[in-house]
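The values are calculated or read from the model by the stated rules, or taken from the named source; none is laboratory data. Being a predicted model, the structure only gives us computed values, none of them experimental. Using ideal geometry, Cβ is built from the backbone for each residue, glycine included, and neighbour counts are taken over all protein chains shown. Protein only, heavy atoms only, side chains kept; ligands, DNA and RNA dropped before computing areas. Shrake-Rupley method; radii C 1.70, N 1.55, O 1.52, S 1.80 Å.
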Amino acid sequence: MKSDRARNSTTYVEVAVPLPLPTTFAYTASADRMAAVRPGVRVQVPFGRGSVVGLAVGFTEKVPESKQLKELGEVLDQEPLLSPQLLELGGWLARYYLAPPGEALRVMLPPGLLARKTPEAQDASRLWPARRQRAIVRAGRPRGDLTPRQAEVLAQLEKLSLPVLVSDFLRQAACSRQLLERLTQQGCAHIETVEVERSPWRRPSAQEVAPHPLTDAQQSVLAEIRALQQQEGFRSLLVHGVTGSGKTEIYLNAIRWELDQGRSALMLVPEIGLTPQVSRLFRGWFGEHVAILHSGLSQGERFDQWRQIREGRRRVVVGTRSAVFAPLQRLGIIIIDEEQDESYKQEEHPRYHGRDTALMRAKLEGAAVVLGSATPQLETYYLAAERGRHRLASIGSRVLERPLPTVHIADMRQEFAKHGAGLILSELLWDFLERTLRNRNQAMILLNRRGYSTSVLCRSCGHTETCENCSITLTHHREFNRLVCHYCGYARSIPEKCRECQREYVFFAGMGTEKVQAHLQARFPHARVDRMDRDTVRRKGSVQRILRRVSRGQTDILVGTQMIAKGHDFAGVTLVGVLAADQGLQIPDFRSAERTFQLLTQVAGRAGRGESPGDVVIQTHYPNHYSLKHACTQDYGAFYSREIEFRKRFRYPPFTALANLVVSGPDRDESRRGAEELAESLKSFRLQHSDLARMRILGPAPAALERLKRDYRHQILIKTTDRRELNQVLRDTLASLDKKKTRQIQVDIDPVRLL
């Protein structure tokens with residue numbers, strides 16, 4: 001690929017199209033169109049029997065001699081939509097994750113700008129027509145005498161930064177529309193119709209937030225970051241700070257320094273639920289410089305935010321995974337909060353990891369990277385502590401020297417022996433809840449299962465209600481009065497009789513957050529019990545409403561899944577209860593212990609962040625498991641020492657790189673045969689590029705979730721010590737496959753889950 005144009009007859013435009021195809025395509029172009037093409041602009045190109053909107057990525061002189069090239073269509077942009085660095089990042093994304101180039105570039109742009117046979121994509125203003133409203137654009141001198149009320153309103157107008165929307169001014173000045181019209185007629189106010197940003201903010205502006213004085217530990221870490229910021233080129237730092245140690249305040253100070261230098265900053269957070277809370281804080285510091293990007297925005301809001309970032313009007317971006325592609329100019333620093341979080345991994349094509357992509361972007365931009373976590377991913381900590389790939393800074397205490405919460409273990413083996421299998425909350429947790437409510441404090445209860453009951457079975461014949469599309473038991477949702485599959489969304493009514501034996505012995509087993517909420521409300525009828533899971537946050541703004549009630553003290557007990565476990569800072573929460581704390585250990589995945597340790601440590605950190613000390617009650621059947629024991633003491637070092645030995649012994653990351661391949665199809669035997677053929681092909685190319693000592697190919701075997709969305713799935717896992725060899729083996733194998741067969745192959749580089 002050539003980025004400079006050699007203006008001769010052998011130069012062609014290289015275009016990435018938004019289709020699942022492994023290469024870019026070359027097109028001829030007239031002299032006028034060739035002059036208008038720059039890498040990063042959209043172009044209309046003929047493809048197949050129709051046309052698509054693709055992205056010009058460069059120029060080439062090499063095309064197959066036998067291939068008859070087509071003529072480039074219209075050039076749709078005057079200026080590139082993507083910078084050279086972002087184009088290069090897109091190329092890396094395609095190569096590293098084996099993603100189609102057009103798909104890799106498509107995720108960098110607002111939805112719809114690259115499209116298949118979509119004429120509207122020629123003009124973004126037709127996809128998202130700008131909102132236009134009447135605004136007061138300037139104030140003038142009166143042409144006659146004013147009444148006292150008119151003079152008062154004009155004085156208010158003159159104090160404002162114009163333009164201001166008419167609707168906003170009428171509300172702020174408590175002014176009638178008729179009075180404003182009279183001022184307009186007298187030349188005191190000039191009104192025009194202007195384009196209005198589709199803002200994701202609830203209010204036009206945010207109150208300024210006063211910075212808190214930093215502790216000595218915070219100052220020390222900020223000094224480490226400042227040393228990085230003053231260097232040239234790529235550099236990175238891992239901030240390992242216990243929960244409540246004030247990492248966010250450090251980030252804010254680091255970003256302010258970048259803005260003072262005339263540069264921009266990117267702050268990544270793992271969950272949409274965390275974005276409003278963090279973005280409001282950032283807007284309080286940096287005002288109109290802040291933009292937010294996440295999938296919860298409308299397409300119009302997302303486009304307006306993207307456009308303002310690209311035009312340099314927003315220099316601080318706060319967002320989730322896809323915000324890593326924000327078109328910031330002069331990027332100085334990228335901060336990745338909760339860097340261990342699995343939400344940074346995209347599970348759909350292209351399957352990129354937001355953290356690793358951010359590190360690559362920083363290398364291309366010459367920016368600094370700060371990774372922050374109380375529970376760093378094992379690989380990240382290993383690279384920092386043992387390989388020196390990142391600098392390492394630690395904060396071992398909370399702000400204001402507040403103590404870490406006291407953790408108590410409830411052994412559910414003894415509880416069930418005493419009270420029976422239907423027990424939901426232990427005596428210990430009930431006692432702490434009563435004390436918490438009596439003291440007018442707040443509690444959070446974590447159960448990482450939603451719904452009411454986790455399975456429905458027959459006590460007569462043992463039949464379990466399962467999904468028709470997946471090898472998954474259906475979950476009972478009492479709120480909807482339905483049985484629901486949490487993977488494909490299949491739902492059906494609750495049977496009155498067993499579908500197999502027709503007997504009336506249907507039994508609801510297990511518990512989810514909905515059941516826990518009902519149980520708590522029955523025990524504490526005067527308590528205000530809220531629930532936060534995917535069922536309660538479907539509507540836009542529902543996350544903010546729930547969190548607002550908690551922060552204002554309007555919720556006594558918050559029940560939720562893992563979305564309540566991290567990032568939230570509620571001064572009134574003094575108790576955290578964890579139900580089924582060990583359920584993650586039962587998942588057949590090498591990260592199960594790490595995932596359990598991280599979740600327990602993070603949720604325990606929600607307690608005692610205010611003036612009152614905190615308590616945590618963990619209910620478990622395995623109180624002696626090392627992940628639980630070290631989570632109780634928040635001892636990351638002890639957990640890391642134990643877990644890293646397991647990884648080394650069984651050749652898991654960070655000592656190897658992984659690729660997970662899943663072959664799926666509607667026929668089980670055909671899926672199995674396809675996986676076997678794929679494994680043989682992989683082994684054949686391994687002989688050419690690697691050997692058994694460096695690369696192991698495991699499988700095929702039925703996936704842990706063998707059937708998903710009507711497809712049967714077979715899995716192949718590759719472990720290797722050489723990433724380049726892995727990439728070459730996979731490329732050659734995929735290129736050799738018979739494209740006519742209907743089976744699907746999913747390739748996941750650096751998978752975070754192996755289900």
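Take the residues of the stretch 15-25 that are surrounded by 21 or more Cβ atoms within 10 Å (Cβ to Cβ) and of a type outside the set (S, T, N, Q): which is nearest to G112 (Cα to Cα)?
Among residues in the stretch 15-25 that are surrounded by 21 or more Cβ atoms within 10 Å (Cβ to Cβ) and of a type outside the set (S, T, N, Q), the one nearest to G112 (Cα to Cα) is P18.
Among the strands (runs of 3 or more DSSP E) lying completely within the stretch 538-623, list those that include at least 1 residues that are surrounded by fewer than 24 Cβ atoms within 10 Å (Cβ to Cβ).
615-620
Applying the selection to the stretch 445-466, what residues are open to solvent by 10 Å² or more (accessible area, probe 1.4 Å) and in a loop (DSSP other than H, G, I, E, B)?
Result: N448, R449, R450, Y452, T454, R459, S460, C461, G462, H463.
Hey, any hits in the stretch 490-502 for a residue that's among the basic types (K, R), within 26 Å of C470 (Cβ to Cβ), open to solvent by 60 Å² or more (accessible area, probe 1.4 Å) and over 25 Å from the mean Cα position of the chain (by Cα)?
yes
Can you tell me which residue is nearest to V399 (Cα to Cα) among those in the stretch 189-219 that are at pLDDT 85 or above, open to solvent by less than 70 Å² (accessible area, probe 1.4 Å) and not in a strand (DSSP E or B)?
Among those residues, the one meeting the criterion is T215.
Report yes if A659 is under 29 Å from the mean Cα position of the chain (by Cα), open to solvent by less than 70 Å² (accessible area, probe 1.4 Å), of a type in the set (G, A, S) and farther than 30 Å from M444 by Cβ, otherwise no.
yes
Every residue, every condition in (1) touching a residue at least 60 places away in the same chain (Cβ under 8 Å); (2) open to solvent by 30 Å² or more (accessible area, probe 1.4 Å); (3) more than 15 Å from the chain's Cα centre (by Cα), yes or no:
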residue: F286; (1), (2), (3): no, no, yes
residue: R313; (1), (2), (3): no, yes, yes
residue: V324; (1), (2), (3): no, no, no
residue: L331; (1), (2), (3): yes, no, yes
residue: I336; (1), (2), (3): yes, no, no
residue: Y344; (1), (2), (3): yes, no, no
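With the structure loaded, tell me whether D304 is assigned to a helix (DSSP H, G or I) and farther than 29 Å from R539 by Cβ or whether it fails that test.
no
I'd like the full set of residues that are within 19 Å of L238 (Cβ to Cβ) and of a type in the set (A, V, I, L, M, F, W, C), limited to the stretch 310-346.
V324, I333, I334, I335, I336
Scan the stretch 130-149 residue by residue and report those that are open to solvent by 70 Å² or more (accessible area, probe 1.4 Å) and either within 30 Å of S298 (Cα to Cα) or assigned to a strand (DSSP E or B) (or both).
Listed by number, the residues that qualify are R131, R132, R134, R138.
Of the residues A410, A443, A421, A368, only one is of a type in the set (G, A, S) and closer than 20 Å to I225 by Cβ; which?
A368
Is at least one residue of the stretch 624-641 closer than 26 Å to N441 by Cα, acidic (D, E) and in a loop (DSSP other than H, G, I, E, B)?
No: zero hits.
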